[in-house]
1. What tally of residues in region 86-111 results from selecting those that are within 15 Å of PHE31 (Cα to Cα) and under 15 Å from the mean Cα position of the chain (by Cα)?
2. Looking at VAL193, VAL243, VAL204, which one is in contact (Cβ under 8 Å) with a residue 60 or more places away in the chain and β-branched (Val, Ile, Thr)?
3. How about region 205-293: which strands (runs of 3 or more DSSP E) wholly inside it have at least 1 residues that are basic (Lys, Arg), under 17 Å from ASP189 (Cβ atoms) and modelled with pLDDT of 90 or more?
4. Looking only at region 170-190, filter to residues that are touching a residue at least 24 places away in the same chain (Cβ under 8 Å) and among the acidic types (Asp, Glu); which one of those is surrounded by the most Cβ atoms within 10 Å (Cβ to Cβ)?
5. Restricting attention to region 210-249, and to residues there that are charged (D, E, K, R) and farther than 20 Å from SER112 by Cα, which single residue is farthest from the chain's Cα centre (by Cα)?
6. Which of the residues that make up region 169-204 are in a strand (DSSP E or B) and in contact with a helix residue (DSSP H, G or I) (Cβ under 9 Å, 6 or more places away or on another chain)?
7. Within the bounds of region 138-146, is there any residue that is at pLDDT 90 or above, among the polar types (S, T, N, Q) and over 29 Å from SER104 (Cβ atoms)?
8. Among the residues of region 282-299, write down those that are surrounded by fewer than 18 Cβ atoms within 10 Å (Cβ to Cβ) and over 18 Å from LYS261 (Cβ atoms).
Amino acid sequence: MTLQGDWLAGHLNIDYPESTFGVAPAINKPFKGIIKRFEVNSTSNKNLFWGLSSVGRTGALSITKTKQEVNGRIEFDWVDQTAENNIICPTFFQPFGTAPYTISPANDLPKSMTLTMAYGSDFREVRGAVIDSLTISGRSGEIIRGEISFLAKLYSNVSTTGSLSDLYADPIIATAGNVNITTDDTTIDALIVDEFKITFKNNVAMHHDTKATDNTPTAATAGKFEAQLDLTFLEEGDYIHTVIDNIFSQIVVTIGNMDIKFKNCKITSPIPIKISEEMGIRKATYTFVPTAPGVAPVEVTFNA
């Protein structure tokens with residue numbers, strides 16, 4: 001079963017973290033973003049089984065459920081985040097209100113959340129949801145976008161007489177005053193950044209227990225954490241090639257009141273991952289990734 005659509009008259013709340021995997025907690029916060037589209041895919045993996053007593057090649061004896069699998073994604077316009085309500089802490093598996101948020105061995109065990117969706121009086125829940133990836137992207141003069149992909153334990157309709165709270169906030173536009181990007185290199189800082197894209201990946205896996213009483217996952221684990229920053233420079237010339245082997249102690253991307261700090265970064269390739277030309281203007285995209293082992297590669301703080 002797939003649920004998808006444009007978000008025109010609905011609400012989404014986050015209950016995070018779940019103290020028990022797949023059990024909604026009392027914490028209830030509006031999703032921190034203006035949702036444009038969501039999608040939930042729920043598969044029961046029902047299989048047909050044949051046996052010696054089957055009647056011909058069309059006579060299946062039974063239909064049996066195997067593994068329940070749930071995944072989905074949320075596309076949204078980015079709004080100002082706060083330490084008490086943001087989409088970073090579920091991505092980094094940390095509780096609300098503990099900024100600065102970092103990725104480290106101490107907090108690498110996934111913490112799940114419950115997503116409660118509402119269309120009028122129609123309520124639906126995704127429980128045991130763990131963020132697999134988060135991307136934040138923006139282009140000069142346009143609205144900054146976010147996209148989340150997640151895996152989950154269970155998706156179902158729920159009966160409730162309650163209501164979900166609304167979030168009213170203006171989306172952030174990628175313009176001076178809203179976005180800033182700084183490195184260790186003042187020459188790079190002076191270049192025009194036409195686009196940026198931040199990607200965090202948790203490489204989450206869901207696990208089923210042979211002793212379980214149903215066919216839903218019983219636990220989630222995270223694989224290696226991956227972070228990267230793609231920057232598209234306008235007319236960057238040949239300067240970046242001269243610093244291709246440099247390690248930048250930190251690159252800070254400021255979006256509204258949030259600072260995302262990438263530590264010990266290096267450019268991944270001596271040539272751009274993408275070169276494009278529009279009306280004779282050359283653009284080049286480079287990827288920066290954290291490299292130093294034993295150091296939290298990313299740190300997020302809030303200025304309000």
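1. Selection size over region 86-111: 6.
2. None of the other options fit; the residue is VAL204.
3. In region 205-293, 258-267 are the strands (runs of 3 or more DSSP E) which contain 1 or more residues that are basic (Lys, Arg), under 17 Å from ASP189 (Cβ atoms) and modelled with pLDDT of 90 or more.
4. Going through the qualifying residues, I end up with ASP185.
5. ASP238
6. Start the filter on region 169-204 by keeping residues that are in a strand (DSSP E or B), which leaves 173, 176, 179-182, 192-201, 204.
Hits for region 169-204 are ILE181, THR182, PHE200.
7. Yes, region 138-146 has at least one match.
8. Let us first name the residues in region 282-299 that are surrounded by fewer than 18 Cβ atoms within 10 Å (Cβ to Cβ), namely 282, 289, 291-295.
The answer is ARG282, and nothing else.
The values are calculated or read from the model by the stated rules, or taken from the named source; none is laboratory data. From a predicted model like this one, the values you see are computed outputs, not experimental measurements. Counting neighbours? That spans all protein chains shown, and the Cβs are built from the backbone with ideal geometry, glycine included.
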